[in-house]
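Here's the structure, in structure tokens; my notes come after.
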Amino acid sequence: MGKFKDLFKPKIKIIIKNYTFVIIGSILLAVGTGIFLLPAMLNTGGLGGLGIIGKQLFGFDPDLVVLSLVWVFFTISLLFLGWRFTIKSLVSSLVYPLTLILLMRLPGVVTHTETLFGAGADTATKLIAGIFGGVFAGVGVALTFLGGGSTGGVDIIVVIVNKYLHISHSVLAFLIDGLIVAIGLFVVGDIILSLIGIISAFVFAITLEFVFSGKSHALTAYIISQTKSEEINTWIQTKTDRGSTLSPIYGGYEKDEYMMIIVTFDRSEYAKFVNGIAQIDKDAFVMIQQTATVLGEGFNNLVQHKEGLVNRKRKDEE
């Protein structure tokens, strides 16, 4: 019985840690949106931006718009992407909108946010709201990714379009958020607020990249296991949507031969890969590094680019 408990202790600890990251991340995202961005009417795209548009056009409460859209996109994800992908956004889909509603309806919080960032606030104050809102939201989303979760929302549309049209995630996300901000500009009719919203979106993106460490969404893992490399490779092939490469290597000391597994994956899959490898071989040696560019199946399309002027000149000279 003791051995049985010991077997599941590491797995339970990992699950608790991951869910803690997702819950704290979702709460911080709600703080950034509900205390700073929505009270200041700053449209940075995403669900918050749609909430502001809904308020201006129809008088809907923005937090209720966010709640409704979270579950609309959750249902769409189930239909088009299946439960394996959708389940990653379940905890955030519960915690984020409920925390947002709580923050935007507590009397004490409402009084302070309306006084600080409401209609009478000056431009400098709203700029501060945009900066802090972007920071809190960026840290929140980064923690959610580190916990192996997903914030869902508009990202669901990005994944679906990418699945069928193979357009880059980053390009799609930029286009969709840009469209939401552009619509917000016409609906709200305040160019200063829109510009502050764009600044806040940049702060969010920079914070997200800083916390998660890196500019690219792609990570590459180099995995060396003395006894279970075949099991790890099988797990990658059957339990993930990623391919792997096997490379024979030799130890530097005793010249023992091992098989190194190389696999590239999206940063939102970080916890899934680390946890999966650890469950198979907790003594495996794993190096994970940021990958600047990944071209090919599952990532950006491999297309030809025009050669630089220097290269063309060299060819002409030859």
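A viscosity of 1.306 mPa s and a temperature of 10 °C, combined with the Kirkwood radius over C-alpha pairs in the Stokes-Einstein formula, give the chain a diffusion coefficient of 73 µm²/s. Helix 123-146 versus the longest principal axis of the chain: what angle, 0 to 90°, nearest 10, using Cα atoms? Roughly 30 degrees between the two axes.
Helix 107-117 versus the longest principal axis of the chain: what angle, 0 to 90°, nearest 10, using Cα atoms? Once rounded, the angle reads 80 degrees. Counted by neighbouring Cβ atoms within 10 Å, the residues 283, 190 run from fewest to most as 283, 190.
Neighbour counts of other Cβ atoms within 10 Å put 180, 14 in the fewest-to-most order 14, 180. The length gained on full extension between residue 76 and residue 165, counted as 0.36 nm times the residue separation minus their Cα-Cα distance, comes to 30.3 nm.
Using only Cα atoms, find the angle between the long axis of helix 155-165 and the longest principal axis of the chain, and express it within 0 to 90 degrees, rounded to the nearest 10. On a 0 to 90 degree scale, this one is about 60. Phi angles across region 231-241 convert, under the Karplus curve 6.51 cos²θ - 1.76 cosθ + 1.60 with θ = phi - 60°, into 3J(HN,Hα) values of 5, 5, 5, 5, 4, 4, 5, 9, 10, 10, 9 Hz, Gly and Pro given as x.
Give the separation of the Cα centroids, region 96-112 to region 167-212, in Å. Here the two parts' Cα centres lie 23 Å apart.
Multiplying the residue separation of residue 98 and residue 287 by 0.36 nm and subtracting their alpha-carbon distance yields 64.3 nm.
Number of Lys-Lys pairs in region 2-212 under 17 Å by Cα, sequence gap 8 or more or different chains?
For region 2-212, qualifying lysine pairs total 5.
Of the chymotrypsin sites (Phe, Trp or Tyr not before Pro) in region 238-281, the ones in a loop by DSSP (not H, G, I, E or B) with at most 15 other beta carbons within 10 Å are 253. Near residue 258, the amide H atoms lying under 5 Å from its own belong to 249, 250, 251; only residues 5 or more places off or on other chains count, and H is placed 1.01 Å from N.
Values in this text are rule-based calculations from the coordinates and carry no lab data. Keep in mind the model is a prediction, meaning the values are calculated, not measured. Cβ sites come from the backbone with ideal geometry, for glycine too, and all protein chains shown count toward neighbours.
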